[in-house]
Structure formats: structure tokens, C-alpha cells
Amino acid sequence: MGKPTGFLEYERKDGPVTAPKERIKNFKEFHGQLPEEEQRLQGARCMECGVPFCQAGTMIAGMASGCPLHNLVPEWNDLLYHGNYKKALQLLRQTNNFPEFTSRVCPALCEAACTCNLNGEPVSTKENERAIIETAYENGWVTPQIPEVRTGKSIAVIGSGPSGLAAAQQLNRRGHSVTVFERKDRVGGLLRYGIPNMKLDKAVVDRRIHLMEEEGVKFVTNVNVGKDIKAELLKQFDRVILACGASNPRDIKVPGRDAKGIYFAVDFLGQVTKALLDSDFAKVPYELAKGKNVLVIGGGDTGNDCVGTSIRLGAKSVIQLEMMPKPPVERTPSNPWPQWPRVLKTDYGQEEAIAVFGHDPRVYQTTVTEFIKDKNGNVCQAKLTKLKSEKDPKTGRMMMVPVEGTEEVIPVDVVLIAAGFLGSEKYVTDAFKVAINGRTNVDTKPDQYQTSVDKVFTAGDMHRGQSLVVWAIREGREAAKAVDESLMGYSYL
């Protein structure tokens with residue numbers, strides 16, 4: 001441990017962030033990095049505590065605590081402090097295929113479980129991770145890892161999101177021939193069209209895709225497996241991995257749902273990103289929200305992305321509905337460390353709404369009961385009602401139920417539904433005849449990735465349900481190992 005008293009001597013310091021009113025003028029990333037010397041001191045804050053909860057990745061009280069990839073956080077924090085970036089990169093790549101993605105979009109489960117939380121601010125592990133990988137790219141240390149020997153085995157990966165990419169990279173480096181099929185026009189899945197550019201610059205995605213192509217991974221776009229081609233892939237490839245994500249969005253089934261101007265959040269975000277990429281950022285699709293009253297339904301990360309995107313498109317107003325009560329500002333006794341902190345989080349989109357409109361866009365314990373259309377069939381109003389928590393007499397579970405007499409009608413021109421996802425899409429699971437569970441996720445034995453169909457495996461959100469990029473990478477890695485073992489009888493992945 002290079003600096004035993006570092007956590008006592010140095011305060012947490014984050015990289016510079018562009019002010020909200022300035023950053024909403026474009027779709028560029030707005031988190032900067034500290035100068036090298038200052039970033040290294042942030043590495044010195046790591047206590048290298050006896051039990052590193054930061055890398056545990058265990059479930060506590062139904063929530064993940066620590067990194068699901070089991071990143072060697074104390075080790076590379078120490079190496080960062082000493083300026084040994086090359087060795088830090090080596091350790092980082094042992095567990096994480098894409099640190100350039102997780103260091104941008106992960107909610108930092110490692111930091112939530114950091115022991116420094118007990119009496120102060122956690123180590124800035126996420127920014128330290130980004131410093132290591134970006135320094136590596138700048139110095140040319142991230143190079144194609146081309147296998148010296150090919151096994152003669154072939155694998156088809158369906159879906160190019162984080163789980164599919166992780167599985168493809170692992171299996172290709174093992175020496176298998178890997179082809180990734182993507183139904184969209186560009187590779188990346190959720191990374192490409194589900195996460196806005198200001199949160200994850202698409203040049204960062206392209207940089208990694210180009211490396212994987214140099215390593216030998218083949219990408220095929222504009223092919224919708226399950227419709228364009230089906231189970232005949234099993235005749236062309238030795239194994240198939242289904243990594244299509246939890247692509248079945250949860251809908252809001254209320255009167256007026258068929259009105260024009262109501263979109264699923266990911267469809268809206270993808271439309272914006274595609275317009276930007278198609279025009280090389282010369283054309284911003286302002287027509288989607290400029291001068292309009294936007295209603296976002298859902299309080300999660302995707303809902304926040306919708307808020308930030310709508311503001312950049314010139315929305316007249318933005319309201320974000322959240323069914324649950326407003327979380328506490330600090331941990332409650334029933335939510336102790338190292339559990340994931342169930343506390344109020346004001347993300348970038350909400351910060352921007354506060355700066356532009358003067359108030360937090362979130363409205364808690366509220367839902368939509370009806371959409372009202374104008375004479376042309378466009379949504380023009382939404383009827384809202386307050387909710388309260390009440391125990392279901394049949395199940396004993398607490399449920400949010402409407403409160404009579406609290407109805408309110410607000411003007412609405414655009415509605416973005418960010419209410420989560422229900423599981424995998426039926427046409428894909430039907431095409432391969434794989435069993436699904438009650439949540440419509442592809443069914444496997446516990447902690448395994450082989451489906452009910454021989455030679456067909458699954459990974460990511462399609463397997464575990466809607467989750468985080470870091471979990472998707474872990475699933476892709478573990479599915480790759482399972483596939484490798486099934487092909488070779490053993491695996492060193």
C-alpha cells in the first residue's frame with residue numbers, strides 16, 4: 001500500500017464538469033479528467049482495506065454491493081497512485097473487457113460499497129478507471145489481441161450490446177471464429193442507440209469496435225435474426241449465443257394511449273442518436289421536442305436521459321413522473337452500508353432541468369390515468385393522479401394505489417415512456433424454440449448459460465432481465481466460458 005494515510009490526507013476531488021446551461025448546447029460528453037498528478041492522489045485515497053467490498057459484487061438485501069466484474073480495485077488504485085499505468089491497465093483488463101464504457105455509464109457500485117463511505121466520501125474509483133484506460137489509449141497501449149492459433153470452431157452471437165460484445169471478444173481471443181449479428185444499421189446495441197451521446201460518445205464505441213474487427217471478429221448489421229434468418233444458424237455455426245437484450249418495453253395501458261406523439265423512451269433516444277450520427281452531428285432533430293411540453297414517465301436512468309435529451313432539443317417544459325415516494329437524502333437505519341444506498345440521486349438531466357426551468361422535473365407518487373387527444377389525434381393533455389402506498393389484502397405486499405380526488409390535467413405534446421422492460425422479444429425465443437421463464441427471460445439452470453436447446457446459449461438482459469452494462473459484461477464473459485467449455489471440454493477464459 002503506497003499511501004497508508006492517503007484517505008486521511010486527501011479529500012475526494014472529481015474531474016471538471018461543464019455547467020448545465022453550457023453543456024445543453026450540444027451532445028458532447030461533459031465530464032473532464034483531473035490533471036495526472038491530482039488523479040494519482042485520488043488513487044492514494046484507497047485504503048486497501050482488509051475486506052474490499054468494492055470488488056465483492058455480491059447481493060445484499062436484494063441489491064448488488066460492489067463490482068459484479070470483481071475488478072481488482074485496490075490493486076489498480078495503488079498502481080495509479082504510483083504512476084504505473086501500464087500495470088494498472090493489465091490488471092484492469094483481467095476482469096473488464098470495456099473499461100471505457102463502464103467508466104462512463106456505470107452507476108459505480110464499487111464506490112457505493114467503498115469503506116471510506118463510513119466516514120466521508122468514497123474513493124473516486126470510476127474516474128480512476130477512466131484515467132487508466134484513456135491514458136492507455138492515448139499512449140497506444142490498447143492494441144488488437146489477435147489469437148495465434150484458430151480452433152476451427154465457429155460461434156454466432158445475436159446482438160451487439162455489451163453482453164454480446166464481451167462474449168464475442170472473449171471467444172475470439174480464445175481462437176474461435178466469431179460472427180456478431182445486429183439488427184440495427186450500426187453495431188453497439190444499447191451502447192449505440194440506448195445511451196445518449198453526451199453520456200457515452202459514440203466515437204468511444206467505434207474505437208472498440210474497430211479494435212475487435214482487427215482482432216478478427218466479424219460484424220453483420222441490418223440482419224434481424226428471428227425474422228430475416230432463424231434457427232438455420234445452428235447448421236452454419238457450432239454454437240449460438242442469444243444476447244438480444246430485454247427489448248420488450250413496458251407499456252402504459254390507459255385510455256388515449258393510441259394518440260400520436262407517444263414514444264417508448266429507447267425508440268426516442270435511438271431516433272435522436274441516429275439523426276446525429278447520420279448527419280455527422282450537423283443536423284439536430286429539434287422537431288421532436290422544440291417548443292413542446294414533454295412528459296417523461298419513469299424515474300430511472302433512461303428517464304433521466306430523456307430529460308437531458310429533451311432539453312437539448314429545446315423543450316418548452318419537461319415533467320418526469322415517478323410512481324414511488326421521494327427517497328431520503330441520506331441513508332436510513334434500514335439501509336446500512338455496504339448495501340446499495342437507496343437515497344435521492346439528482347442526475348445530469350435533472351440538474352439541467354433545474355438550471356433551465358428553475359425546479360426539479362420529478363413529480364413523485366404520481367401516474368398517468370389518461371391521455372387526451374386533439375382533433376388530429378395528437379396527444380395534447382395528460383390526466384394525472386396521486387398515489388399512496390397500501391397493503392394488498394390478498395398478497396400482503398405493499399402497492400401504490402390511486403388517491404381519489406387528486407386528479408389533475410396538464411398540457412402535453414410529447415410523451416416518453418421510460419417504464420422499464422419486460423424481457424426478451426417473443427419472435428427471437430420462438431425462432432430458436434428456447435424455454436422462457438415467468439418474466440419472459442430465456443430460461444437456464446441457476447448460474448448457467450446453456451438454454452433448453454442444445455448448442456444455444458444466452459447472456460445479458462435477455463437472460464437476467466433489465467440490468468446494468470457492468471452486469472451485461474459479466475454475463476457475456478461467463479457465457480463465453482460456458483461456450484468454450486462445451487466446445488473444447490475445458491476453458492481457461
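Restricting Asp347, Asp430, Asp360 to those that are in contact (Cβ under 8 Å) with a residue 12 or more places away in the chain, under 30 Å from Ile241 (Cα atoms) and out of contact with any Cys (no Cβ under 7 Å at 6 or more places or on another chain) reduces the list to Asp430.
Would you confirm whether or not region 361-380 contains a residue that is among the small types (Gly, Ala, Ser) and on the phi > 0 side of the Ramachandran plot? The answer is yes; a qualifying residue exists.
Can you say whether Asn97 is out of contact with any Ser or Thr (no Cβ under 8 Å at 6 or more places or on another chain) and among the polar types (S, T, N, Q), as far as the supplied structure shows? Against the criterion (out of contact with any Ser or Thr (no Cβ under 8 Å at 6 or more places or on another chain) and among the polar types (S, T, N, Q)), Asn97 qualifies. A residue that is surrounded by fewer than 18 Cβ atoms within 10 Å (Cβ to Cβ) and touching a residue at least 40 places away in the same chain (Cβ under 8 Å) occurs nowhere in region 65-73. Scan region 1-59 for residues that are acidic (Asp, Glu) and farther than 21 Å from Gly120 by Cβ and the total you get is 4. In the condition set (1) within 21 Å of the chain's Cα centre (by Cα); (2) under 26 Å from Asp201 (Cβ atoms), Asn77 is compliant with all but (1). Yes or no: region 394-416 includes at least one residue that is surrounded by 14 or more Cβ atoms within 10 Å (Cβ to Cβ) and touching a helix residue (DSSP H, G or I) at 6+ places or on another chain (Cβ under 6 Å). The answer is yes; a qualifying residue exists. Residues in region 17-29: is at least one surrounded by fewer than 21 Cβ atoms within 10 Å (Cβ to Cβ), under 19 Å from the mean Cα position of the chain (by Cα) and on the phi < 0 side of the Ramachandran plot? Looking for residues that are surrounded by fewer than 21 Cβ atoms within 10 Å (Cβ to Cβ), under 19 Å from the mean Cα position of the chain (by Cα) and on the phi < 0 side of the Ramachandran plot, one finds at least one in region 17-29, hence yes.
Restricting attention to region 465-493, and to residues there that are within 23 Å of the chain's Cα centre (by Cα) and open to solvent by 20 Å² or more (accessible area, probe 1.4 Å), which single residue is nearest to Ala419 (Cα to Cα)?
Top of the filtered list is Gln466.
For region 420-464, the tally of residues that are at pLDDT 95 or above, of a type in the set (Gly, Ala, Ser) and either within 30 Å of Thr366 (Cα to Cα) or buried (at least 18 other Cβ atoms within 10 Å of the Cβ) (or both) stands at 3.
Only one of these is more than 23 Å from the chain's Cα centre (by Cα) and free of Cβ contacts under 8 Å to residues at least 60 places away in the same chain: Glu390, Glu370. Name it.
Details: Glu370 fails: free of Cβ contacts under 8 Å to residues at least 60 places away in the same chain.
Checking each option against the conditions leaves just Glu390.
Here Thr5 meets the list (1) over 22 Å from the mean Cα position of the chain (by Cα); (2) in contact (Cβ under 8 Å) with a residue 12 or more places away in the chain almost entirely, failing just condition (2). Exactly one residue out of Glu127, Glu138 is over 21 Å from Asn224 (Cα atoms), within 19 Å of the chain's Cα centre (by Cα) and at pLDDT 95 or above, and it is Glu127. Scanning region 316-351 for residues that are open to solvent by 30 Å² or more (accessible area, probe 1.4 Å), outside any loop (DSSP other than H, G, I, E, B) and of a type in the set (S, T, N, Q) yields one hit, Ser317. The set of residues in region 114-164 that are open to solvent by less than 50 Å² (accessible area, probe 1.4 Å), among the small types (Gly, Ala, Ser) and outside any strand (DSSP E or B) comprises Gly120, Ser124, Ala131, Ala136, Gly140, Gly159, Ser160, Gly161, Ser163, Gly164. Taken across region 126-144, residues that are out of contact with any Gly (no Cβ under 6 Å at 6 or more places or on another chain), closer than 24 Å to Ser247 by Cα and of a type in the set (A, V, I, L, M, F, W, C) do not occur at all.
The values are calculated or read from the model by the stated rules, or taken from the named source; none is laboratory data. No experiment lies behind these values; they were computed from the predicted model shown. All Cβ positions, glycine included, derive from the backbone under ideal geometry; neighbour counts span all protein chains shown. We work out accessible area using only protein heavy atoms, side chains counted, and drop any ligands, DNA or RNA first. Shrake-Rupley method; radii C 1.70, N 1.55, O 1.52, S 1.80 Å.
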